[in-house]
Amino acid sequence: MSTEPPSITRDEVAHLARLARLTVSENELDVFAGQLGDILNAVAKVSEVAGADIPPTSHALPLTNVFREDVVRPGLTQEQALSGAPKSEDGRFAVPRILGEEA
Amino acid sequence: MTTNTVDLVDYDEVLEKFDPVMGLEVHVELHTNTKMFCGCPTTFGGEPNTQVCPTCLGLPGALPVVNKIGVESAIRIGLALNCEIAEWCRFARKNYFYPDQPKNFQTSQYDEPIAFNGYLDVELDDGEIFRVEIERAHMEEDTGKSLHVGGADGRIHGADYSLLDYNRAGVPLIEIVTKTIEGTGERAPEVARAYVTALRDLLRALDVSDVRMDQGSMRCDVNLSLMPKGATVFGTRSETKNVNSLRSVERAVRYEMSRHAGVLLSGGSVVQETRHFDESDGSTRSGRLKETSEDYRYFPEPDLVPVAPSREWVEELRGTLPELPWQMRNRVQKEWNLSDAELRDLVNAGALDLIAATVKAGAPSGEARSWWVAYLTQQANTQGVDLADLAITPAQVARVIALVAAGDLTNKLARQVVDGVLAGEGEPDAVVESRGLKVVSDDGALLAAIDEALAAQPDVADKIRDGKVAAAGAIVGAVMKTTKGQADAKRVRELIIQRCS
């Protein structure tokens, strides 16, 4: 566990912005780098009180193996499914073209 | 758009200078009734967006619940691949922005796969066994299907917009990843193909998936790099996605070996990227630059609790493993008294499992073998499909064999029944009925035909009466003609001799 206060660089913010498909201005890069650094610092306080004997929590409930039987349940109709879509065509969701990427 | 301008290097030259290193990732869709995290049906080919709900559409507030059969299938696959099964593991979110997952993440597993550290022994065409080590098998979900509208060829480049169908989004997937495969030399393409074939047969025996590569229920990604001879550091790899037939797996490995060598020998460096396989000419073309795993910002899925399979449950599942393909092969080799070469021929022809299933359905092994390797193989070759993809099941073949054994069909009629089944006319009995193929076993009808034939050829009749039994052949032929081949020639012969004695 590092004792250095976490920080985030301008380049890292730019990279995160690209991953999140957000346009961030030059000025905002500096602002967000500072703000995200503050958030990381705040969260890092948890490490100060949790010793090595405390496992990280990923779920609030101490449960395991919550399963569902493999039985079909009714879902939505096509009309219901598409009702919130800004645009649809031929029963499908229409989305803007994706540039520079391919699945 | 990039084009393939690189020089391909002759395969022998590639092998003189480099050693191939492979990694294979196979995605297999489970054939559960419902999706991995919701109760939507998983059937193939439904109208778009009719097998969806708030969970698989990623609507706010919807919560996932894990499909128990999905977990059981993952554990059974892990056990069959000789893997260790995690005592405790979690799902993770793999974050990415692409509209094939409306949640903007795929629920997957990251550093805690349910199964890990296994192996699969793969038999090559000449009988040599090559052990492929398995890194992991983990649970995840499939994506929706995109349709790109506009542009020249339906691909994303130049498309105006895309249309999404989420019926497939959330269908349970198991991703099976090999460790690095080294030491194959010139047999790299063959090893890749043999591994995917063995895996397909294994998954089919486990009855966890349809394993139809042509329908996308089993897909293979090929990672490949080259190392100069004598080097100890791996080269940069490319990942060729969605290679969707066994033959394509082999071709993709071969092509990438020649392409990488071309890049390296001309002084260039291989770009780490995703590539797409082109079925038409066996080439690959550049796709997106590969994101690193940090870019996916994996974190434990907060909406699902951990999966902690008890050792009792794992052992119970181990008890449900069926006879696995290699065990079956050993058994039938002994039972049917086959030489290694005979067994290998049946395996390579894709006939062994089908014959075994036909025997299991009640047919004697000799007849079952003869049908699959002779008549049915001919039909498959004519149709240009794999034997396993013929429109006839082992149970139907067994039924035809039983009808012949009972004297209801001659071999000739049986072939017509099989033709009918292949043509989609239904079960063997229905084809016998609708085509009127039953053997004429009514002695009265046969005797009438015999008398007619004897009267028409009195000289032949005299010869038979004089004890020249061989002459009966002409009468048998005439009777077979009047009964349109639907008589049992042996019985006809017996009746002729009785009649003339």
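Structure notes:
- The smallest convex shape that holds all Cα atoms of region B:143-273, its convex hull, gives 143 Å³ per residue.
- Those residues of region B:399-416 whose amide nitrogen sits under 11 Å from the label point placed on B:Ala448, 7 Å along Cα→Cβ: none
- Structure-based [θ]222 nm, chain A - -39500 (n - 2.57) summed over DSSP H runs of at least 4, per residue, nearest 500: -12000 deg cm²/dmol
- Each residue of region B:446-461 was assigned a 3J(HN,Hα) from its phi angle through the Karplus curve 6.51 cos²θ - 1.76 cosθ + 1.60 (θ = phi - 60°); the sequence is 5, 5, 4, 5, 5, 4, 4, 5, 5, 5, 6, 10, x, 5, 5, 4 Hz, with glycine and proline shown as x.
- Region B:229-309: chymotrypsin sites (Phe, Trp or Tyr not before Pro) in DSSP loop, at most 16 other beta carbons within 10 Å: B:Phe234
- Expressed per residue, the C-alpha convex hull volume of the protein assembly as shown stands at 233 Å³.
- Phi angles of region A:27-44 translate, via the Karplus equation with coefficients 6.51, -1.76, 1.60 and θ = phi - 60°, into HN-Hα couplings of 5, 5, 4, 5, 4, 5, 4, x, 5, 5, x, 4, 5, 4, 4, 5, 5, 5 Hz per residue; Gly and Pro are given as x.
- Region B:219-286 and region B:346-362 have Cα centres separated by 35 Å.
- Extension gain, B:Asp160 to B:Thr232: 0.36 nm times the residue separation minus the Cα-Cα distance gives 21.2 nm.
- For B:Pro48, neighbours were defined as the other residues whose beta-carbon sits under 9 Å from its Cβ, and their charges (Lys and Arg +1, Asp and Glu -1) total -1.
- Within 10 Å of the Cβ of each residue in A:59-65, the mean number of Cβ atoms contributed by other protein chains is 5.
- Cα pair distances in region B:85-168, grouped into 10 Å bins until the bin that holds the longest one, percent each: 16, 26, 23, 23, 12, 0
- P(r) for region B:416-486, from all Cα pairs and a bin width of 5 Å, is 3, 16, 19, 16, 13, 10, 8, 7, 5, 1, 0 %, short bins first.
- For B:Tyr161, the residues 5 or more places off, or on other chains, whose built amide H falls under 5 Å of its own are B:Val149.
- When the surface is traced with a 1.4 Å probe over the full set of protein chains, B:Asp10 keeps roughly 100 Å² accessible.
- If you take the Cα centroid of region B:16-66 and the Cα centroid of region B:70-110, the two points sit 10 Å apart.
- Estimated from the Cβ-Cβ distance and a Förster radius of 35 angstrom, the FRET efficiency linking A:Gln80 and B:Lys438 is about 0.05.
- Between B:Ile181 and B:Met22, B:Gly23, the built amide H atoms are under 5 Å apart, and every one of these is 5 or more places off in sequence or on another chain.
- Sequence-distant residues sharing a close amide H with B:Arg136 (under 5 Å, placed H): B:Asn117, B:Val177
- All other residues whose Cβ lies under 12 angstrom from that of A:Phe67 are scored, Lys and Arg at +1 and Asp and Glu at -1, for a net of -1.
- Against chain B, whose longest principal axis is taken from its Cα atoms, helix B:472-482 shows a tilt of about 60°.
- Within 10 Å of each Cβ in A:86-93, the average number of Cβ atoms from other chains: 6
- In order along region B:415-427, phi translates into HN-Hα couplings of 5, 5, 5, 4, 4, x, 4, 4, 7, x, 8, x, 5 Hz, rounded to whole numbers, per the Karplus curve 6.51 cos²θ - 1.76 cosθ + 1.60 with θ = phi - 60° and x for Gly and Pro.
- Net lengthening on full extension, A:Asp38/A:Leu16 (0.36 nm per residue, minus Cα-Cα): 6.3 nm
- Overall Cα dimensions of chain B - principal axes, largest extent first, Å: 95, 57, 53
- Helix-only CD estimate at 222 nm, as mean residue ellipticity for chain B, using -39500 (n - 2.57) per DSSP H run (n ≥ 4): -11000 deg cm²/dmol
- Mean projection area, nm², convex hull over Cα of region B:224-321: 11.2
- FRET efficiency for B:Gln383 and B:Lys490, using Cβ-Cβ distance with R0 set to 41 Å, rounded to 0.05: 0.80
- The distance from the alpha carbon centre of region A:18-60 to that of region B:383-418 is 67 Å, rounded to a whole number.
- Region A:10-49: radius of gyration over Cα atoms, expressed as a fraction of 2.2 N^0.38 Å: 1.33
- Angstrom value of the Kirkwood radius, inverse mean 1/r, which spans all Cα pairs in chain A: 19.3
- Take the Cβ atoms of B:Asn411 and A:Val31, set R0 to 51 Å, and the FRET efficiency comes out at 0.05.
- Positive minus negative residues near B:Pro172 (Lys, Arg vs Asp, Glu; Cβ under 9 Å): -3
- By average C-beta atoms within 10 angstrom, highest first, the peptides B:66-76, B:445-455, A:31-41: B:66-76, B:445-455, A:31-41
- For the peptides B:102-115, A:60-73, B:467-480, residues were scored by their other Cβ atoms within 10 Å and the scores averaged per peptide; the highest-first order is B:102-115, B:467-480, A:60-73.
The values are calculated or read from the model by the stated rules, or taken from the named source; none is laboratory data. Here the structure is a predicted model, which means the values were calculated and not measured. Note that we place each Cβ from the backbone using ideal geometry, even for glycine, and neighbour counts take in every protein chain shown. Note: accessible area is taken over every heavy atom of the protein model, side chains too, but ligands, DNA and RNA are not part of it. Shrake-Rupley method; radii C 1.70, N 1.55, O 1.52, S 1.80 Å.
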